[in-house]
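Read-outs throughout are calculated quantities, based only on the coordinates presented, and are distinct from any laboratory measurement. Quick caveat: nothing in here was measured; it's all calculated off a predicted structure. Glycine gets a Cβ as well: all are built from the backbone with ideal geometry, and neighbour counts include every protein chain shown.
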Amino acid sequence: MTALLKFENVTKNYPSGPTTIHALRETSFEANAGELIAIVGPSGSGKSTFLSLAGALLTPTSGNISINGKIISDLSKKEQTELRLSEVGFIFQAAHLVPYLKVQQQLEFIGKLAGQEKQALAKKSETLLTQLGLGDRLQFYPKDLSGGEKQRVAIARSLINEPAIILADEPTASLDSTRGREVVELLRAEIENQERAVIMVTHDERMLDLCHHVYRMLDGVLTKDK
């Protein structure tokens, strides 16, 4: 089985005056279909660098990263952009919804960028939002949603292009523990029925029991917990 996300001896260094910052030291990692993986660690430990590399937003200093069998460094900039759009879904700490777009339009906008057909996209977005408990919120603007509802819209938006991997950066940080757990349970339910994986950076260790694997990051070194 081909890993959906694979790091092979990946490093990321930044020059800092006469010294070098080793943001990510030699790292090998795999995420497979049906896995919810948590990465925990203190601020500045390298978690954000790891996630940016995984999403093809940064170029590694050395080593190879592949998404669904495609080595990112072998692709042109245009191909990398297309890969991000089709194979990677992003969820952030803040929902980052477009304030002047209604809930359903948030998803349709991303689908259109990927070239999805308008009529099929309307049906698909409605179905997805209904599955996430937002069927009565399709025509609401972000200002009319609760924090938990906004984050569920963000999850739906990340799924609209049926990506192989979902990268979630502190997706529960702005929510109370009950809503936060609901969000992680939704993510787990989505991947267990689909051929995709979720990698979630989090400080919230109360969510770790929902994860299939837990890694810890410290000073650019990634180690497996379970």
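So here's what we get for this one:
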| item | result |
| --- | --- |
| Approximate shape of segment 83-133 as ellipsoid semi-axes (Cα gyration tensor, √5λ), whole Å, largest first | 17, 15, 11 |
| Over segment 31-104, equivalent-ellipsoid semi-axes from the Cα gyration tensor in Å | 23, 19, 13 |
| Choice from Leu57, Leu24, Leu134 with maximal GNM fluctuation in the chain (Cα, 10 Å cutoff) | Leu57 |
| DSSP-defined antiparallel bridges as percent of all bridges, the chain, nearest 5 | 55 |
| Cα-Cα over 22 Å, subset of Lys6/Lys123; Lys70/Lys150; Lys102/Lys124 | Lys6/Lys123; Lys70/Lys150 |
| Backbone HN-Hα couplings from phi across segment 190-205 [Karplus 6.51/-1.76/1.60, Hz, Gly and Pro as x] | 5, 7, 5, 9, 9, 8, 8, 10, 10, 10, 10, 7, 8, 9, 8, 6 |
| Sequence-distant residues sharing a close amide H with Ile39 (under 5 Å, placed H) | Met200, Val201, Thr202, Tyr215 |
| Volume of the Cα convex hull of segment 95-226, divided per residue and given in Å³ | 124 |
| Dimensions in Å of the chain - Rg and Dmax from alpha carbons | 17.5, 57 |
| Among Thr81, Thr59, Thr19, residue whose mean-square fluctuation peaks in a GNM of the chain (springs only between Cα atoms under 10 Å) | Thr19 |
| Residue-averaged 222 nm ellipticity for the chain, from DSSP H runs of 4+ at -39500 (n - 2.57), nearest 500 | -10000 deg cm²/dmol |
| Scattering curve values for segment 107-176, log₁₀ I(q)/I(0), Debye with Cα scatterers, q = 0.12, 0.15, 0.19, 0.21 Å⁻¹ | -0.32, -0.50, -0.79, -0.95 |
| Cα centroid of segment 89-146 to Cα centroid of segment 154-199, whole Å | 15 |
| Near-label residues of segment 66-95 by backbone N, under 12 Å of a point 7 Å along Cα→Cβ of Glu8 | 66-67, 69-74 |
| Kirkwood estimate for segment 65-154, i.e. one over the average of 1/r between Cα atoms, Å | 14.4 |
| Pairwise label distance in nanometres, Phe109 with Thr223, each label 7 Å out on the Cα-Cβ vector | 4.3 |
| Thr178-Lys102 pseudo-label distance in nm [points 7 Å out on the Cα-to-Cβ vector] | 3.0 |
| Listed residue (Ala120, Asn193, Asn64) projecting farthest to the positive dipole end of the chain, Cβ model | Ala120 |
| Full-stretch length increase - Asp136, Ala120 - with 0.36 nm per residue and alpha-carbon distance subtracted | 3.8 nm |
| Most mobile of Gln131, Gln151, Gln106 in a GNM of the chain (Cα contacts under 10 Å) | Gln131 |
